[in-house]
Amino acid sequence: ALVRRLASVETLGSASVICSDKTGTLTQNEMTAVQFWSGQPLTITGDGRHADGAFLSESETEQNLEAHRTVQLALLSGLLANDAVLEAADGDNEFKLVGDPTEAAITLAAAKTGLHVTESNIAFPRIAENPFDSKRKLMSTVHRVAGSIPADLPQLDVPYFVAVKGAPDVILSKCSRFMDEDGNLHPIADIYDTARAANVEMAEDALRVLGLAYRPLDAELSEVTPDSTETDLVFLGLIGMIDPERPEVKPAIEKARQAGIRTVMITGDYPITAKAIAEKIGLLRPGGKAMKGADIDDLSDAELAEVVREVDVFARVSPNHKVRLVQALQDNGLVAAMTGDGVNDAPALKRADIGVAMGITGTDVAKGASDMVLTDDNFASIVAAVEQGRIIYSNIRKFVFFLLSSNVAEIMIIFLATLVGLPSPLAAIQLLWLNLVTDGAPALALAVEKGDPDIMEQPPRPKEEPIINRSMRNGIIIQTIAQSFSTLVAYLIGLQWVTGATFGTILSGGVDWDTVGYKELFLAQTMAFLTLSMCEMIRAYTVRSERASLFSIGVFSNRYLQPAVLFSLVMLFMVILVPFMNDIFHTTPIGLNGWLIAFGLGLIPAIVEEITKFFIRRQNA
């Protein structure tokens, strides 16, 4: 997934609904024609790459298609009203399909009967066309019969004809006659209900069904428009194609559901087919419904906002329906991601919180209107991108929390010490060092944390929630107290070593600090500096998750953190142990006891952090 707009990474972490197309995103976009119907069902054998196959009857008897004029003419019509081509591949009788997968499937099915693109286009050259349109749901081409027709092609006794393919219900509505298997014509009313029932039955088997028809012409049309060509058609049959679901989609949908993200299918396909696929991949919730685009037109915006709560599949939709559906979901307070690939999908991609364009089949217009592009056109990549968006946002929060809590603690340490009349526990150069080196390297390592193990089991983050939310504010207060306590205790121990006075005497103002040389205070400042450094380096491990314990995520699972902490530790050693750096950084070497005390006190904020996370887990359980 290529993110085109950086701000959308944050939005990805808030996504609560994914509106996905079916073909190519939830399915493999590798159509294979498996069934044909023209009064009787025929099964098409073979795969979606080789021209080896046969047409079998219900009794699994191979059919001689030379005796089935209707099947031949139907496949010819589907082959001619078609822009896909077959390119020879390396294997025997194997082809590479180039073009729209649906058209390619019809082309290969025709090749299994001996009908090929080149030969057919020579015998019946195309002289005009009406391209497929999402509103008409049809494609029609006008052809001239060129001289003598080869014996292996259907024989036509007219000079011109129109080849049509498209949605079965639309095809049937434009047909006035149908052709039986012997080539005789009958009124469409005789077969209309049976054809519709066959279409429904094929769609319920999760097949994508197209209707095939043609129109014989006695003369060339003076005007080629949809109205002049796509009328008075002869119905030839239905062809059913299967587009297998992607194997990774079902787990991805379940993963999204666990993350509180709902998946909605929005497709131009037939409703029954869309619903059958939705059931197979687990997209359709118990009690979930399917709705046609035509029904959306009958609803007001308020009514549609109510309907989208229960409907999981929207079929036969047009691009303007997508815009209304996105708006309806947003009216319910959901953060919507919308997929699209066509020019007409651009408004919906713009309207969605996250517009997702297809990288393979998507147009440049769709990509330009999107926030994210899927290079593999795969739904699972959307879910993976949402997960990465959550991880990135979570890492930003860890980064901010780590630095803010450390910096607020530094301010509080100096403020409290000054409040009781103590010399400053930290020199200005030490504060600069803490921010640039001790905090900086581990904080950068936190930015590439791999994420909490349960990050896709948490509900989506509210879109309006700020990075510094109530939970982080409470964490900053708790950590400020813990780090301030550890550092000030270490500082008091250092002052006690320097002056020999008790804690009570030091805190009550019983020490005249003017009599204490500033270099003598280096020991106490070193204890404070070392302890605060230890607090921050050890805390870098516990702050890697806002909920999970350190041991559940693995102490050393972030391979960048160890070098970062080691670098900070080595630099800390240099500042304290290298003589010429002592005057610069107000430090002095301390004995083993000092290091042990600083390490022990440095553990306190980390332990407090783990205790805090324990209560957070209990509260959210």
* To do: Rank these residues by their accessible area, most exposed first, probe 1.4 Å: Leu523, Leu75.
  => Leu523, Leu75
* Binning every alpha carbon pair distance of the range 225-367 at 5 Å from zero, what are the percents per bin? -> 2, 9, 16, 20, 21, 16, 8, 5, 3, 1, 0
* Per 5 Å bin, what percent of the C-alpha pairs of the range 129-259 does each bin hold, from zero upward? -> 2, 9, 16, 17, 17, 13, 9, 5, 4, 3, 2, 1, 0
* Asked: Between Val408 and Arg144, what length comes free when the chain is fully extended (0.36 nm per residue of separation minus the Cα-Cα distance, one decimal in nm)?
  -> 86.8 nm
* Asked: Once you wrap a convex hull around the alpha carbon atoms of the range 413-472, what is its projected area averaged over all directions, in nm²?
  -> 6.9 nm²
* Report, in deg cm²/dmol and to the nearest 500, the calculated mean residue ellipticity at 222 nm for the chain, where each DSSP H run with n ≥ 4 adds -39500 (n - 2.57) and the sum is divided by the residue count. => -14000 deg cm²/dmol
* Convert each backbone phi in the range 106-119 into a coupling constant with the Karplus relation 6.51 cos²θ - 1.76 cosθ + 1.60 (shift: θ = phi - 60°), then list the ³J(HN,Hα) values in order as whole Hz, x for Gly and Pro. => 5, 4, 5, 4, 5, 4, 5, 9, x, 8, 10, 4, 4, 5
* Structure fact -> With label points set 7 Å from each Cα along the Cα-to-Cβ direction at Ile584 and Ile481, the distance between them in nm comes to 3.9 nm
* **Alpha carbon convex hull of the range 54-116, volume per residue in cubic angstrom** => 93 Å³
* Asked: Which ³J(HN,Hα) values in Hz, rounded to whole numbers, follow from the phi angles of the range 472-488 under the Karplus curve 6.51 cos²θ - 1.76 cosθ + 1.60, where θ = phi - 60° and Gly and Pro get x?
  -> 5, 4, 4, x, 5, 4, 4, 5, 4, 5, 5, 5, 5, 4, 4, 5, 5
* To do: Two decimals is fine: what's Rg over Rh for the range 206-271, C-alpha atoms, Kirkwood radius as Rh?
  => 1.26
* What's the Kirkwood radius of the range 247-299 in Å, using all Cα pairs? -> 12.0 Å
* **Candidate aspartates and glutamates for bridging to Lys463, where Cα separation is under 12 Å - those fewer than 8 sequence places away on the same chain excluded** => Glu10, Asp353
* Structure fact -> Expressed in Å to one decimal, the Kirkwood Rh of the range 182-231 from all distinct alpha-carbon pairs is 13.8 Å
* Structure fact -> Descending packing, highest mean Cβ count within 10 Å first, for 269-277, 568-576, 555-563 is 269-277, 568-576, 555-563
* Label-to-label distance, nm, for residues given as Val437 and Leu592 (7 Å Cα→Cβ offset) -> 2.6 nm
* Could you work out Rg/(2.2 N^0.38 Å) for the range 366-433, with Rg from alpha carbons only? -> 2.05
* Asked: Over the chain, what per residue volume does the convex hull of the Cα atoms give, in whole Å³?
  -> 195 Å³
* Between Ala151 and Glu94, what FRET efficiency follows from the Cβ-Cβ distance if R0 is 25 Å, with the result rounded to 0.05? -> 0.40
* Distance between Cα centroids, the range 499-540 to the range 1-70: provide it in whole Å. => 75 Å
* Structure fact -> Sorted largest first, the Cα spans of the range 1-154 on the principal axes come out in Å as 64, 40, 36
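Too long at a 29 Å Cα-Cα cut-off: which of Lys250/Lys350; Lys289/Lys613; Lys135/Lys350; Lys174/Lys367; Lys289/Lys398; Lys292/Lys367?
Among Lys250/Lys350; Lys289/Lys613; Lys135/Lys350; Lys174/Lys367; Lys289/Lys398; Lys292/Lys367, the Cα-Cα distance tops 29 Å for Lys289/Lys613; Lys174/Lys367; Lys289/Lys398.
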* To do: Go ahead and run the numbers for FRET between Asp297 and His186, Cβ-Cβ distance against an R0 of 30 Å, rounding to 0.05.
  => 0.30
* To do: Counting only C-alpha contacts under 8 Å and six or more residues apart, can you give the relative contact order of the chain as a whole percent?
  => 14 percent
* Asked: If you take every DSSP beta bridge whose two residues both sit in the chain, what share of them, in percent to the nearest 5, is antiparallel?
  -> 70 percent
* Asked: Probe 1.4 Å, all protein chains in place: accessible area of Ile414 in Å², nearest 10?
  -> 50 Å²
* To do: Report, in cubic angstrom per residue, the convex hull volume of the C-alpha atoms of the range 530-612.
  => 93 Å³
* **Packing-based order for 252-259, 78-85, 351-358, using average beta carbon neighbours within 10 Å, highest first** => 351-358, 78-85, 252-259
* Please list the radius of gyration and Dmax for the range 476-604, considering alpha-carbon atoms only, with Å as the unit. => 16.5, 52
* Of Gly494, Ile478, Pro462, farthest towards positive along the dipole that unit charges on Lys, Arg, Asp, Glu beta carbons give the range 451-500 -> Gly494
* Structure fact -> Dividing the alpha-carbon radius of gyration of the range 185-306 by 2.2 N^0.38 Å, where N counts its residues, gives 1.43
* Structure fact -> Glu87 and Ser59 label points (each 7 Å along its Cα→Cβ direction) are spaced in nm at 4.4 nm
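What is the percent carbon and sulfur in the accessible area of the chain, measuring with a 1.4 Å probe over the protein chains and ignoring ligands?
Values: 15160 of 26550 Å².
Carbon and sulfur: 57 percent of the exposed surface of the chain.
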* Across the Cα atoms of the range 98-184, what radius of gyration and what greatest pairwise Cα-Cα distance (Dmax) are found, in Å? -> 13.9, 38
* To do: Work through the residues other than Val234 whose Cβ is under 15 Å from its Cβ and net out their charges, Lys, Arg +1 and Asp, Glu -1.
  => -3
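The values are calculated or read from the model by the stated rules, or taken from the named source; none is laboratory data. Note that the coordinates shown come from a computational prediction; the quantities given were computed from them, not determined experimentally. Cβ coordinates were reconstructed from backbone atoms using ideal geometry, including for glycine residues, and neighbour counts include every protein chain displayed. Just the protein is used for accessible areas: all its heavy atoms, side chains included, with ligands, DNA and RNA removed. Shrake-Rupley method; radii C 1.70, N 1.55, O 1.52, S 1.80 Å.
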